[in-house]
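Here is the structure we will look at, set down as structure tokens.
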Amino acid sequence: MTSTTAAAPAGPVSAPRSRRAGSPRRSRDRRGWLFVAPFLIVFALTFLAPVAYAFGLSLFRDQAFFGGTTFVGLDNYAEVLADAKFWESFLRVLVFLLVQVPVMLLLALISALAIDSARLHASGFFRIVVFLPYAIPAVVAALMWGFLYGDNFGLAADLNHLVGHDIVHPLSGNWVLTSIGNVVTWEFTGYNMLIFYSALRVIPGELFEAAAIDGAGAFRTIFAIKLPALRGALVIATIFSIIGSFQLFNEPSILQTLAPNAISSFYTPNMYAYNLSFNGQQYNYSATVAIVMGVITAIIAYAVQLRASRKEMQ
């Protein structure tokens, strides 16, 4: 009977040298954080800190008789949700959004398609002309249009004087929202046009060559190539326009001096929050209005983005 024994190793087996795994990666991560640290600091100081401070203010309420403030939790939010002035101003800007934004985006889209077309001569000049109103500050634009809208001076007054009858009242209660929409459309059509035009310029030229070979005309090219390529730009412009509509402040605030009976202190949510804070000294309630409007705006913008993403995936 023979016994077999396992062969012994020729030499001692050395354990693998331990590596400090991840140290180069951690070093790279630290360098990355150093690069983004300035942005994070500025972002925290200019965005997160004001939002946190406003939210903190919204949890307190001034004591009318005893002075100071007291913690009330979410009572201010419940009061805002039951505030008729807040909902009146919100519904006003919602109507403004549903009417003005489609008109503005349609004009911007037509302008971008016309400038991108090879049939338009001096397209660079027209691009500058359409974009130029956006370069004018909103306060200056509102003042300029206010002088045109004035009942006792400006274009509207001259037209009424020429006809001999008061037929044009841009700053009356029935027309002031339309007049504000005209000012905003004049200001931001060029901005949205530039977004659409930039998206049109990155469409591959091979698509237009293939369409020309297939005999597609100008309108067929627009609906088959250009408009599908503009979906992302349309979503971006729509979201920006939604946010801008809910932030409506400069135009009605400037025109209020010319039409005090038509534009109230709570004409828009931003005007309501501003007047509560600076005229009524109700800082806590003003912060609550601002927080509620910010949440509503974010929800609506996210819903638009989500709907557009689902359509793109289909």
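So which residues in the range 237-257 are part of a helix (DSSP H, G or I) and surrounded by fewer than 16 Cβ atoms within 10 Å (Cβ to Cβ), if there are any at all? Steps first, answer last, please.
Step one: list which residues in the range 237-257 are part of a helix (DSSP H, G or I), which gives 237-246, 250-255.
If the condition is that a residue be part of a helix (DSSP H, G or I) and surrounded by fewer than 16 Cβ atoms within 10 Å (Cβ to Cβ), then 243 is the only one that fits.
Taking the range 247-288 as the range and being of a type in the set (A, V, I, L, M, F, W, C), touching a helix residue (DSSP H, G or I) at 6+ places or on another chain (Cβ under 6 Å) and under 18 Å from residue 69 (Cα atoms) as the test, the residues that pass are 276, 287.
Here are some residues: 219, 246, 240. Which one is hydrophobic (A, V, I, L, M, F, W, C) and modelled with pLDDT under 90? Selected residue: 219, the only one of 219, 246, 240 that is hydrophobic (A, V, I, L, M, F, W, C) and modelled with pLDDT under 90.
Keeping to the range 120-144, report how many residues are part of a loop (DSSP other than H, G, I, E, B), in contact with a helix residue (DSSP H, G or I) (Cβ under 8 Å, 6 or more places away or on another chain) and either under 11 Å from residue 188 (Cα atoms) or not aliphatic (A, V, I, L, M) (or both). Don't jump to the end; show me each part of the working.
Restricting attention to the range 120-144, the residues satisfying the condition of being part of a loop (DSSP other than H, G, I, E, B) are 120-122, 136-137.
This time we only want the ones that are in contact with a helix residue (DSSP H, G or I) (Cβ under 8 Å, 6 or more places away or on another chain), so: 120, 136.
Next, from what is left, pick out any that are either under 11 Å from residue 188 (Cα atoms) or not aliphatic (A, V, I, L, M) (or both): 136.
Of the residues in the range 120-144, 1 are part of a loop (DSSP other than H, G, I, E, B), in contact with a helix residue (DSSP H, G or I) (Cβ under 8 Å, 6 or more places away or on another chain) and either under 11 Å from residue 188 (Cα atoms) or not aliphatic (A, V, I, L, M) (or both).
Can you work out which of the residues in the range 145-189 that are of a type in the set (Val, Ile, Thr) and not in a helix (DSSP H, G or I) is surrounded by the most Cβ atoms within 10 Å (Cβ to Cβ)? Before you say what the answer is, go through the steps one by one.
Let us first name the residues in the range 145-189 that are of a type in the set (Val, Ile, Thr), namely 163, 167-168, 176, 178, 180, 183-185, 189.
Okay, now just the ones that are also not in a helix (DSSP H, G or I), so 167-168.
On the way: 167: 9, 168: 17.
The qualifying residue surrounded by the most Cβ atoms within 10 Å (Cβ to Cβ) is 168.
Kindly provide the set of residues from the range 54-87 that are exposed (fewer than 11 other Cβ atoms within 10 Å of the Cβ) and at pLDDT 95 or above, ordered by number. Within the range 54-87, 82, 84 qualify. Among the residues making up the range 289-303, those that are over 26 Å from residue 69 (Cβ atoms), surrounded by 14 or more Cβ atoms within 10 Å (Cβ to Cβ) and of a type in the set (A, V, I, L, M) are 300, 301. Filtering the range 103-132 to residues that are out of contact with any Gly (no Cβ under 9 Å at 6 or more places or on another chain), crowded, with 18+ Cβ neighbours inside 10 Å and not hydrophobic (A, V, I, L, M, F, W, C) leaves only 116. Residue 192 passes every criterion in (1) more than 31 Å from the chain's Cα centre (by Cα); (2) crowded, with 16+ Cβ neighbours inside 10 Å; (3) modelled with pLDDT of 85 or more apart from (1). For the criterion of being surrounded by 18 or more Cβ atoms within 10 Å (Cβ to Cβ) and free of Cβ contacts under 8 Å to residues at least 60 places away in the same chain, residue 225 passes.
With the condition kept exactly as written, say whether any residue in the range 67-78 is touching a residue at least 40 places away in the same chain (Cβ under 8 Å) and over 27 Å from the mean Cα position of the chain (by Cα). So far as the range 67-78 goes, yes, one or more of its residues are touching a residue at least 40 places away in the same chain (Cβ under 8 Å) and over 27 Å from the mean Cα position of the chain (by Cα).
Residue-by-condition table, conditions (1) of a type outside the set (Phe, Trp, Tyr); (2) touching a residue at least 12 places away in the same chain (Cβ under 8 Å):
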{"position": "155", "(1), (2)": "yes, no"}
{"position": "167", "(1), (2)": "yes, no"}
{"position": "174", "(1), (2)": "yes, no"}
{"position": "182", "(1), (2)": "yes, yes"}
{"position": "193", "(1), (2)": "yes, yes"}
{"position": "197", "(1), (2)": "no, yes"}
{"position": "200", "(1), (2)": "yes, yes"}
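Those residues that are among the polar types (S, T, N, Q) and assigned to a helix (DSSP H, G or I), I need them from the range 258-300; list them, please. Result: 270, 275, 277, 284, 286, 288, 297.
The values are calculated or read from the model by the stated rules, or taken from the named source; none is laboratory data. Remember, predicted model here, so these are calculated numbers, not experimental data. Because the Cβ atoms are built from the backbone with ideal geometry, glycine has one as well, and the counts that use them run over all protein chains shown.
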